[in-house]
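Notes follow the structure.
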Amino acid sequence: MALKKTLTIAGSDASGGAGLEADLKAFEEHDTYGMAAVTVIATMDPDNNWSHGVHTLPIDVLQAQLKTAFSTGIDALKTGMLSTEEVIQTTGEAIAASDVEKVVIDPVMVCKGEDEVLNPGTVDAMIQYLLPNALVTTPNLFEAGQLAGTGTPKTIEEMKAAAEKIKALGAKNVVIKGGRALATDKAVDLFYDGEHFYLLETPKVETTYNHGAGCTFAASVTANLANGLSVKDAVVEAKEFVAAGIQHGWKLNQYVGPVYHGAKPRLGAPEVTVTEV
Ligand code: PXL
């Protein structure tokens, strides 16, 4: 058995739905061997309305993990929550110094429901250190607007314009996750490969149990790339995988409902419609 090796450089979500916990579950479901380099530990306080604590690990602890992981010969990697400019710079430089080409940058700026950027300065650092390494980047609407400097896109045309700007910053392929936020009757993502734009659509699911969807999507793209899929096929399968996870999202407690990371292989997935636009 020679499994492909996948790495997530991301935060730990102590509640298990997002962050590296989501990534490792998705890596496993895609039959790859998952590894993690932890950047920060996110905690949620049940005595204070599940408010988030963000505990960044010392930079030398991150560097030591990156050294471990890269020494094994990584086939594909993703980044997730990188909480400070120093963490972003260290991660970007380590990726650039490695020979890993299948690099998925999920430019996590906020957790759902919180709309302050994690830290001022992180957007510029992502542009400087992360995007130039990205084979694929997977911003949500808010993150796309921040990276593109356009403000949050509200239409498909605005998403296309933002994708072009993000591509110009060095990312080879851009997926903007509109999800169910756009005023359409489908959950719509836009995929731009630098030449063509494609809309990826699934039926909208009315649920708030979608915690971890973004991480699960980017991790699925990463594992698919490790397994040799083309970027487009990797993205389309990841959309199926996460749509199934959202369809079968469940209530962890009164505060949060994660996606069911194992839904697609066990319960099937909705069809993804792909349309060039
Ligand atoms: O979903 C974004 C996200 C990423 N990474 C970590 C998180 C969250 C949101 O809760 O906790 C570690």
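In debye, nearest 20: dipole of the range 142-239 around its Cα centre with unit charges on the Cβ of K, R (+) and D, E (-)? All intermediate terms of the calculation are to be shown ahead of the outcome.
Working: 11 positive and 12 negative charges, 28 e Å.
That gives the range 142-239 a dipole magnitude of about 140 debye.
Which of the GluC sites (Glu not before Pro) found in the range 47-112 are in a DSSP loop and have at most 14 neighbouring Cβ atoms, other than their own, within 10 Å?
E101
Which shape class applies to the range 1-67: rounded if a/c is under 1.5, otherwise prolate when a/b exceeds b/c and oblate if not, where a ≥ b ≥ c are the square roots of the Cα gyration tensor eigenvalues? Don't skip to the answer; put the middle values down first.
Details: a/c = 5.06, a/b = 1.49, b/c = 3.40.
Judged from the Cα gyration tensor, the range 1-67 comes out oblate (a/c at least 1.5, b/c at or above a/b).
Given a Förster radius of 45 Å and the C-beta distance between W250 and V277 as r, what FRET efficiency does 1/(1 + (r/R0)^6) yield to the nearest 0.05?
Values: r = 33 Å, r/R0 = 0.74.
The value I calculate is 0.85.
What ranking of S12, S220 comes out by heavy-atom accessible area, probe 1.4 Å, highest first?
Values: S12 20, S220 0 Å².
Order by accessible area, largest first: S12, S220.
Would you kindly find the accessible area of W250, with a 1.4 Å probe and non-protein molecules such as ligands, DNA and RNA excluded, rounding to the nearest 10 Å²?
Solvent-accessible area, nearest 10 Å²: 120 Å².
Using the heavy atoms of the protein chains and a 1.4 angstrom probe, tell me the accessible area per residue for the chain in square angstrom. Please list the in-between numbers first.
Numbers: 11870 Å² over 277 residues.
So the chain comes to 43 Å² accessible per residue, rounded to a whole number.
Once each part is reduced to its C-alpha centroid, what is the distance from the range 7-35 to the range 120-195 in angstrom?
22
Sort H30, H55 by heavy-atom solvent-accessible area, probe 1.4 angstrom, most to least. Intermediate results must be reported in sequence, preceding the final value.
On the way: H30 20, H55 95 Å².
Sorted descending by solvent-accessible area, the residues read H55, H30.
Where does the charge balance sit around G228 when Lys and Arg score +1, Asp and Glu -1, over other residues with C-beta under 14 Å from its C-beta? Don't skip to the answer; put the middle values down first.
Numbers: positive: K4, K5, K102, K232; negative: D31, D75, E101, D233, E237.
Summing Lys and Arg as +1 and Asp and Glu as -1 gives -1.
Which of rounded, prolate, oblate describes the range 181-277, given a ≥ b ≥ c as roots of the alpha-carbon gyration tensor eigenvalues and a/c under 1.5 marking rounded, otherwise prolate only if a/b is larger than b/c? Mind showing how you got there, number by number?
Numbers: a/c = 2.09, a/b = 1.40, b/c = 1.49.
Oblate.
At 1.4 Å probe size, what's the solvent-accessible area of E28? Round to the nearest 10 Å².
Counting only protein heavy atoms, the figure is 130 Å².
For the pairs K102/K160; K172/K251; K5/K186; K67/K186, note any where the Cα-Cα span goes beyond 32 Å.
The pairs that break the limit, which is 32 Å between Cα atoms, are K172/K251; K5/K186; K67/K186.
Which of the peptides 257-266, 228-237 is most tightly packed, and how do the rest follow, judged by the mean count of other Cβ atoms within 10 Å per residue? Could the numbers behind the result be given before it?
Details: 257-266: 20.7, 228-237: 18.2.
The peptides rank, most packed first, as 257-266, 228-237.
Report Y33's accessible area, 1.4 Å probe, all protein chains in place, as a number in Å² to the nearest 10.
Per-residue accessible area (Y33): approximately 120 Å².
Determine, at each q value in 0.07, 0.10 (inverse angstroms), the log₁₀ of I(q)/I(0) that the Debye formula gives when each Cα of the chain is one equal point scatterer.
For the chain, the Cα-only Debye profile gives -0.21, -0.44.
Pulled fully out, how much extra length does the chain show between S71 and T208, if you take 0.36 nm times their separation in residues and subtract their Cα-Cα distance? List each step's numbers first, then the result.
Numbers: separation 137, 0.36 × 137 = 49.32 nm, distance 3.99 nm.
Extra length available between S71 and T208 comes to 45.3 nm.
Name the shape class, rounded, prolate or oblate, that the alpha-carbon gyration tensor gives for the range 190-241, where a ≥ b ≥ c are the square roots of its eigenvalues, rounded holds for a/c under 1.5, and otherwise prolate holds if a/b is larger than b/c and oblate otherwise. It would help to have the intermediate numbers written out before the result.
Numbers: a/c = 2.46, a/b = 1.35, b/c = 1.82.
Taking the square roots of the gyration eigenvalues as a ≥ b ≥ c, the range 190-241 is oblate.
Post the alpha-carbon centroid distance, the range 202-226 to the range 258-277, in whole angstrom.
8
Can you tell me the Rg and Dmax of the range 1-139, counting just the alpha carbons, in angstroms?
Answer for the range 1-139, Rg first and Dmax second: 14.5, 47 Å.
If each DSSP helix of 4+ residues adds -39,500 (n - 2.57) and the sum is divided by the residues in the chain, what number results at 222 nm, nearest 500 deg cm²/dmol? It would help to have the intermediate numbers written out before the result.
Details: 9 runs with 98 residues, N = 277.
When only DSSP H runs of four or more count, the value is -10500 deg cm²/dmol.
Pick out, in residue order, every one of the GluC sites (Glu not before Pro) in the range 111-193 that is DSSP loop and has at most 11 other C-beta atoms within 10 Å; say none if there are none. Display every interim value, and only then the final one.
Values: sites: E114, E116, E143, E157, E158, E164; in loops: E114, E116.
Those that pass, being in a loop and sparsely packed, are E114, E116.
Determine the share of the range 4-276's accessible area contributed by carbon and sulfur atoms, expressed in whole percent, with a 1.4 angstrom probe.
Details: 5670 of 11450 Å².
Carbon plus sulfur share of accessible area: 50 percent.
The values are calculated or read from the model by the stated rules, or taken from the named source; none is laboratory data. Note that this is a predicted model, so its numbers are computed, not measured. We place every Cβ from the backbone using ideal geometry, glycine too, and count neighbours over all the protein chains shown. For accessibility, only protein heavy atoms count, side chains too; no ligands or nucleic acids. Shrake-Rupley method; radii C 1.70, N 1.55, O 1.52, S 1.80 Å.
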